[in-house]
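*Asks:* What follows is a single structure, and I will ask about it in a moment.
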Amino acid sequence: MDQAVLHILGIETSCDETAAAVVRRDSAGRGEILSNRVLSQTREHAPYGGVVPEIAARAHIAHLDRLVAEAMAESGLGFRELDGVAATAGPGLLGGLLVGLTMAKAIALAQGKPLLAINHLEGHALTARLLQPVAFPYLLLLVSGGHTQFQIVEGVGRYHRLGSTIDDALGEAFDKVAKLLGLGYPGGPQVEARARAGNPQRFAFPRPLKGRKDCNFSFSGLKTAVREAVMSLGEPSDQDIADVCASFEAAVAETLADRLARAVQLFRAAHPGTASPALIVAGGVAANQRLKAVVADVAATHGFTLIVPPPRLCTDNAAMIAWAGAERLHLGLTDDLGAAARARWPLDQTQAPVYGAGKLGAKA
Ligand code: KG4
Ligand code: ZN
């Protein structure tokens, strides 16, 4: 598609963030965010310790109209000036996906614009290119509440999964540990804060899959070990809680360092000619300072250039969906109005699915 500048409206409703954004892609492929509205439903779901699909879908219906209107107003563009409308079509919670995708179809139909039905994971995978020029191929580590995986990003729509969790996602493991300790939801930030005052050596938690030749993750055994430790404590003191959090974080950090070192080797083997490849980290868990330090260390040791987008673009947002739409539209990869919402939709469709990885309806 030989369009000089593209303006795309993006809509994200796959889990518990209702989001709308407008981005511009210039003729040189540079991105700019014109507006980026995110409404988090965390408070609605907090009493339940996790995302409730029905509550999420209803909240998307209640707020999406307004967020799209706000994103358009802030961008200074009218619908007629858009070049395409992008929405997350999966993976995620079906009810929410249908709300966003249907709205995008309605706008596309009414305005005669192309529809871009976006894989949410592709949104995460391409975000770095919205912010700065990043050449393909690069290595992606996605660590969120619903996904934990390594992908080689070979191009738009071209992914090769190197490894993933075989059970819980890493953010989910943080959330479950927080729940066990009565720390509230979402748990990651609370576990990190408590860990600062703790002794990481007090509990010898397992380092799952460490040393394996692949670069998969597993967190359910670690979670069970934490549960047993917490139960043995009876009524844990503040220091006990801090020590459990620190010991858990230490186990995760050591595991992540090992799995990442393996992934960079596999990347090197697949692309020996790439001089200083980028390592992109996305997902809410990337906010964890301890884990960020581990990732930076492995990247430096192996000659990778680490790029961690700022938190508001690392976590779920619509700018990444609009940007993935812009990248796809530039290549002429549009979708028809019959595009379906999909609860499951792996990025790399050539690889066999990892059963147990990424729960149905879990956050992506
Ligand atoms: O990417 P995200 O905002 O939402 C999706 O899952 O799509 O990630 C949320 C996850 C939650 O599981 C949360 O507990 C975790 O990221 N998280 C953290 C931290 N901040 C958020 N985990 C560990 N340390 C943190 N500081
Ligand atoms: Zn996500």
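The values are calculated or read from the model by the stated rules, or taken from the named source; none is laboratory data. Treat the numbers as computed from the prediction; the structure is a model and nothing was measured. No Cβ is skipped: glycine too gets one built from the backbone with ideal geometry, and neighbour counts run over all protein chains shown. Note: accessible area is taken over every heavy atom of the protein model, side chains too, but ligands, DNA and RNA are not part of it. Shrake-Rupley method; radii C 1.70, N 1.55, O 1.52, S 1.80 Å.
*Asks:* If you take the residues in segment 141-159 that are modelled with pLDDT of 95 or more and either under 19 Å from GLY325 (Cα atoms) or of a type in the set (Ser, Thr, Tyr) (or both), which one is most open to solvent (accessible area, probe 1.4 Å)? Spell out how you get there, then give the answer.
*Replies:* As a first pass, look at segment 141-159 and keep what is modelled with pLDDT of 95 or more: 141-143, 148-159.
Keeping just the survivors that are either under 19 Å from GLY325 (Cα atoms) or of a type in the set (Ser, Thr, Tyr) (or both) gives 148, 153-159.
Details: THR148: 2, VAL153: 0, GLU154: 56, GLY155: 4, VAL156: 22, GLY157: 44, ARG158: 134, TYR159: 22 Å².
This residue is ARG158.
*Asks:* Looking at (1) in a helix (DSSP H, G or I); (2) of a type outside the set (Asp, Glu); (3) away from ligand 2 (no atom under 13 Å from the Cβ); (4) touching a helix residue (DSSP H, G or I) at 6+ places or on another chain (Cβ under 6 Å), which is the one condition that is false for LEU337?
*Replies:* LEU337 satisfies every listed condition except (1).
*Asks:* Could you please let me know if SER27 is of a type in the set (S, T, N, Q), more than 16 Å from ligand 1 (Cβ to nearest atom) and within 13 Å of HIS330 (Cα to Cα)?
*Replies:* Numbers: of a type in the set (S, T, N, Q): yes; more than 16 Å from ligand 1 (Cβ to nearest atom): yes; within 13 Å of HIS330 (Cα to Cα): yes.
When the stated conditions are applied, SER27 passes them.
*Asks:* Next question. Is it true that some residue in segment 41-54 is surrounded by fewer than 18 Cβ atoms within 10 Å (Cβ to Cβ), modelled with pLDDT of 90 or more and either in a loop (DSSP other than H, G, I, E, B) or within 16 Å of ligand 1 (Cβ to nearest atom) (or both)?
*Replies:* No, the conditions are met nowhere in segment 41-54.
*Asks:* Given the structure, is ALA270 of a type in the set (Gly, Ala, Ser), in contact (Cβ under 8 Å) with a residue 60 or more places away in the chain and open to solvent by less than 20 Å² (accessible area, probe 1.4 Å)? Give the derivation first.
*Replies:* Working: of a type in the set (Gly, Ala, Ser): yes; in contact (Cβ under 8 Å) with a residue 60 or more places away in the chain: yes; open to solvent by less than 20 Å² (accessible area, probe 1.4 Å): no.
No.
*Asks:* Report the residue count in segment 283-308 for those that are open to solvent by less than 30 Å² (accessible area, probe 1.4 Å) and either among the aliphatic types (A, V, I, L, M) or within 11 Å of ligand 1 (Cβ to nearest atom) (or both).
*Replies:* Here the count works out to 10.
*Asks:* Scanning for something in contact (Cβ under 8 Å) with a residue 40 or more places away in the chain and within 16 Å of ligand 2 (Cβ to nearest atom), does segment 273-280 turn up at least one residue?
*Replies:* The initial filter retains those residues of segment 273-280 that are in contact (Cβ under 8 Å) with a residue 40 or more places away in the chain, namely 274, 277-280.
Next, from what is left, pick out any that are within 16 Å of ligand 2 (Cβ to nearest atom): 280.
Yes, some residue in segment 273-280 is in contact (Cβ under 8 Å) with a residue 40 or more places away in the chain and within 16 Å of ligand 2 (Cβ to nearest atom).
*Asks:* Check ALA193, ALA173 and return the single one that is in contact with a helix residue (DSSP H, G or I) (Cβ under 9 Å, 6 or more places away or on another chain) and either assigned to a loop (DSSP other than H, G, I, E, B) or buried (at least 16 other Cβ atoms within 10 Å of the Cβ) (or both).
*Replies:* Values: ALA193 fails: either assigned to a loop (DSSP other than H, G, I, E, B) or buried (at least 16 other Cβ atoms within 10 Å of the Cβ) (or both).
Answer to the selection: ALA173.
*Asks:* Quick test for you: out of ALA62, ALA135, ALA110, ALA104, pick the one residue that is within 21 Å of GLY31 (Cβ to Cβ), away from ligand 1 (no atom under 16 Å from the Cβ) and open to solvent by 50 Å² or more (accessible area, probe 1.4 Å).
*Replies:* On the way: ALA62 fails: within 21 Å of GLY31 (Cβ to Cβ); ALA110 fails: within 21 Å of GLY31 (Cβ to Cβ); ALA104 fails: open to solvent by 50 Å² or more (accessible area, probe 1.4 Å).
So the residue among ALA62, ALA135, ALA110, ALA104 that is within 21 Å of GLY31 (Cβ to Cβ), away from ligand 1 (no atom under 16 Å from the Cβ) and open to solvent by 50 Å² or more (accessible area, probe 1.4 Å) is ALA135.
*Asks:* How many residues does segment 97-129 contain that are under 23 Å from the mean Cα position of the chain (by Cα), among the polar types (S, T, N, Q) and more than 16 Å from ligand 2 (Cβ to nearest atom)? Spell out the reasoning first.
*Replies:* Quick first cut of segment 97-129, residues under 23 Å from the mean Cα position of the chain (by Cα) only: 97-104, 115-129.
Restricting the remaining residues to those that are among the polar types (S, T, N, Q) gives 102, 119, 127.
Keeping just the survivors that are more than 16 Å from ligand 2 (Cβ to nearest atom) gives 102.
Number satisfying all stated conditions: 1.
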